[in-house]
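Step one of this worksheet: look at the structure below.
The values are calculated or read from the model by the stated rules, or taken from the named source; none is laboratory data. Not measured: the values here are computed from a predicted model. Methodologically, a virtual Cβ is constructed for each residue, glycine included, from the backbone with ideal geometry; neighbour enumeration extends over all protein chains shown.
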């Protein structure tokens, strides 16, 4: 996959994520102030899935990005070497 | 292996050790906040990624100014690399933010000044990356992007100060020059360790991406040279 395709893919995924996040907003009936007032009644462990979701997404994104970069870097260095060798050969012939 | 590679590996090792340490601090050492429950722990990743996002865009600004001033590819490569990482961190800031907001505010998203200005910031730098991908290449593309990188940074202080300029439901700032919020000492320690960890991780990612961008540019130059040889 080329760099442009990857960036385009990332942008599309990002935009879809944002749209998915924002869409429920238009159907909301909850009053934010009321919710903030009622958080004292929340069970401490009740929000575990949100905590799990936040950290899972974050680490997946980080490791995915690091892996992508290290792979890409290796590929590019190899490509540079191949091109240099080809040019050197051409120079010898010329 | 040159000095740059040694430093990169050292940063990767340090950030790996610090990530394990900070996860221990977040999930085991720090007490649970009595009002917000366990979801408050999202804050230890949300605030550092927000800080790193801003820092990345500061590097875009520096790289863009440097490029317009010196016209050296290195500055442009720095700006591009920082923009890509900044977008990733800002995406994470938005994502962790909505996951924090739902249990606390009862909604995934609200058009609060802090949230709205952050979304605008994200869109500006996504547009920057789109300009780099689909816009003109070479010196012209780099010049356009540099102007956009400088103009886009104007939104960073607006995001940071939005909670003081407008009415908002977002919590007060706990780090930075305008910090006013108060935090338990243990929670503050974890926040600081987490911020340092993510900053080290950012420096590593930036060095890695910068090296990648340099290799990409080198390949383009060699290809152009090779094609000029074949024309002759």
Point to revise | Test set (1) surrounded by 24 or more Cβ atoms within 10 Å (Cβ to Cβ); (2) more than 23 Å from residue B:168 (Cα to Cα) - residue B:49 fails condition number | key: (2)
Practice item. Working carefully through the options A:64, A:37, find the one that is surrounded by fewer than 13 Cβ atoms within 10 Å (Cβ to Cβ) and modelled with pLDDT of 85 or more. Key: A:64
